1. Scanning for something in a strand (DSSP E or B) and under 17 Å from residue 122 (Cβ atoms), does region 21-29 turn up at least one residue?
2. Only one of (1) in a strand (DSSP E or B); (2) hydroxyl-bearing (Ser, Thr, Tyr); (3) more than 13 Å from residue 5 (Cβ to Cβ); (4) in contact with a helix residue (DSSP H, G or I) (Cβ under 9 Å, 6 or more places away or on another chain) fails for residue 80. Which number is that?
3. Within region 30-46, how many residues turn out to be of a type outside the set (Val, Ile, Thr), part of a loop (DSSP other than H, G, I, E, B) and surrounded by 13 or more Cβ atoms within 10 Å (Cβ to Cβ)?
4. Identify the single condition in (1) free of Cβ contacts under 8 Å to residues at least 40 places away in the same chain; (2) hydroxyl-bearing (Ser, Thr, Tyr); (3) out of contact with any strand residue (DSSP E or B) (no Cβ under 7 Å at 6 or more places or on another chain) that residue 60 does not satisfy, given that it satisfies every other one.
5. Just checking, does region 43-57 include any residue being free of Cβ contacts under 8 Å to residues at least 12 places away in the same chain and over 22 Å from residue 102 (Cβ atoms)?
6. Just to be sure before I move on: is residue 75 among the β-branched types (Val, Ile, Thr), outside any loop (DSSP other than H, G, I, E, B) and touching a helix residue (DSSP H, G or I) at 6+ places or on another chain (Cβ under 8 Å) in the structure I sent?
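Nothing in this text is a laboratory measurement; each read-out follows from the coordinates by a stated rule. None of the values given here were measured: they were computed from a predicted structure. Here the Cβ is made from the backbone with ideal geometry for all residues, glycine too, and neighbour counts use every protein chain on show.
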Amino acid sequence: MRKILLSINPEHVSNILNGTKKYEFRKVRCKEPICEILIYSTSPVMKVVASASVKNVLDSSPEALWAVTHEWAGIEKEFYDRYYRDSNRAIAYELGKITIFKEPRPLEEYGILHAPQSFAYI
């Protein structure tokens, strides 16, 4: 099993770290099984601030996925619907144990020069 690094908006990172967002939504599923997500907080932070174990990967229609995840989605339904507007497939990484780094880490520490648009395997 591998780790991935995800670029996530600071507002959503805050919700992950405070426990109100237990799912990270994506349009594309990793091809390889993953066990951990490194959380890169985008501008203005621009650092890897935490890691999360992956409990499960959910893959279904946007409607079915929302029905399962809405309580801990950490986002509003309107935002979710906009994100998946033209999609018939939705992915959610169910986050487990969150480890907040005492010192946020630069991407270079992971051999990455630029923040990924989708994800990067580590």
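1. The answer is yes, given that some residue of region 21-29 is in a strand (DSSP E or B) and under 17 Å from residue 122 (Cβ atoms).
2. Of (1) in a strand (DSSP E or B); (2) hydroxyl-bearing (Ser, Thr, Tyr); (3) more than 13 Å from residue 5 (Cβ to Cβ); (4) in contact with a helix residue (DSSP H, G or I) (Cβ under 9 Å, 6 or more places away or on another chain), only one is false for residue 80: (1).
3. The total comes to 2.
4. Residue 60 satisfies every listed condition except (3).
5. no
6. no
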